[in-house]
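First comes the structure, then the notes that go with it.
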Amino acid sequence: VISYREVLHYRFEEAARCSYNLFETKNIGSAILLARSAIETAAALYYLAQLIKKDVVYSETDNEVVKLIMGQKKLDMHSMPVAKNVYDFFDVMEKEIPGIRKSYDRVSEFAHPNWAGTSLLYAQIDHESKTTYFSSKGRNFDNNMAIGLNLLLGGLLTFQYSLDEIHKNFSGFVTKCETALEI
């Protein structure tokens, strides 16, 4: 649990810092991609925090933690457990933070080479002249910046909350695990 918490800490710090730096330089597409990575990492930590708050059934908790630490999406890695899906994290969060899944889904559209991840970010149409201009300041630039920065802020708040929850509940979690192992 501590190992996973720590690697999430390093991953989150790097993604959030780089995202912020990219927002400052108005590189909004890459900034949003890294903000998305940061919120996914915060969601994983939130999931871990909720996991240690549960009544411990040691084997189930151990299986969940192994999936978090060692999980792989590709099933060709025969000895590796199947990874948890990031939507599982957001579904747990949705219980306490209504709307988080919808917000995540909205910003995820920027990660794909579809309308939001291409034309919305990099194209601006002048309807009067029937001309499309391409630049790093596409349509709705300020709104897109706000979406991305709000996501990053939500990730920071979620990450800090989750760290506090793990700290608050960790000794009780250890006691429950030790008791479960003695049975």
- [ ] Take MET70, project a point 7 Å from its Cα along the Cβ direction, then tell me which residues of segment 5-24 have their backbone nitrogen under 19 Å from it.
- [x] 5-8
Task: Coarse-grained scattering of segment 109-183 at q = 0.24, 0.25 Å⁻¹, given as base-10 log I(q)/I(0) from a Debye sum over alpha-carbon atoms - done: -1.05, -1.08
Task: Cβ charges +1 (Lys, Arg) and -1 (Asp, Glu), total dipole of the chain, debye - done: 440
TODO: Filter the DSSP H helices in the chain by two things, a Kyte-Doolittle mean of at least 1.0 and an axial alpha-carbon span of 24 angstrom or more, and list the hits by number.
DONE: 28-53
Open item on the list: Going by Cα centres, segment 117-183 and segment 1-59 are how many Å apart?
Closed with: 9
Open item on the list: With viscosity set to 1.306 mPa s at 10 °C, what whole-number translational diffusion coefficient in µm²/s follows for the chain from Stokes-Einstein and a Kirkwood radius over Cα pairs?
Closed with: 88
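Over the chain, what is the relative contact order in percent, taking alpha-carbon pairs closer than 8 angstrom and at least six residues apart?
Contact order relative to length: 30 percent.
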Open item on the list: Based on DSSP loop calls and a cut-off of at most 13 other Cβ atoms within 10 Å, the longest stretch of the chain free of exposed trypsin sites (Lys or Arg not before Pro) is what?
Closed with: 131-183
Open item on the list: Suppose only helical runs count, i.e. DSSP H with n ≥ 4. What mean residue ellipticity at 222 nm does that imply for the chain under -39500 (n - 2.57) per run, divided by all residues and rounded to the nearest 500 deg cm²/dmol?
Closed with: -23500 deg cm²/dmol
- [ ] Report the equivalent ellipsoid semi-axes for segment 1-56 in whole Å, largest first, defined as the square roots of five times the eigenvalues of the gyration tensor built from alpha carbon atoms.
- [x] 28, 10, 6
Task: Neighbour cut-off at most 16 other Cβ (10 Å), DSSP loop, GluC sites (Glu not before Pro), segment 85-183 - done: GLU96, GLU128
Task: Translational D in µm²/s for segment 80-140 (Stokes-Einstein at 20 °C, 1.002 mPa s, Kirkwood Rh from C-alpha pairs) - done: 153
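Since every read-out is calculated from the coordinates, none of them should be taken as a lab result. All of these numbers come straight from a predicted model, not from anything done at the bench. Cβ sites come from the backbone with ideal geometry, for glycine too, and all protein chains shown count toward neighbours.
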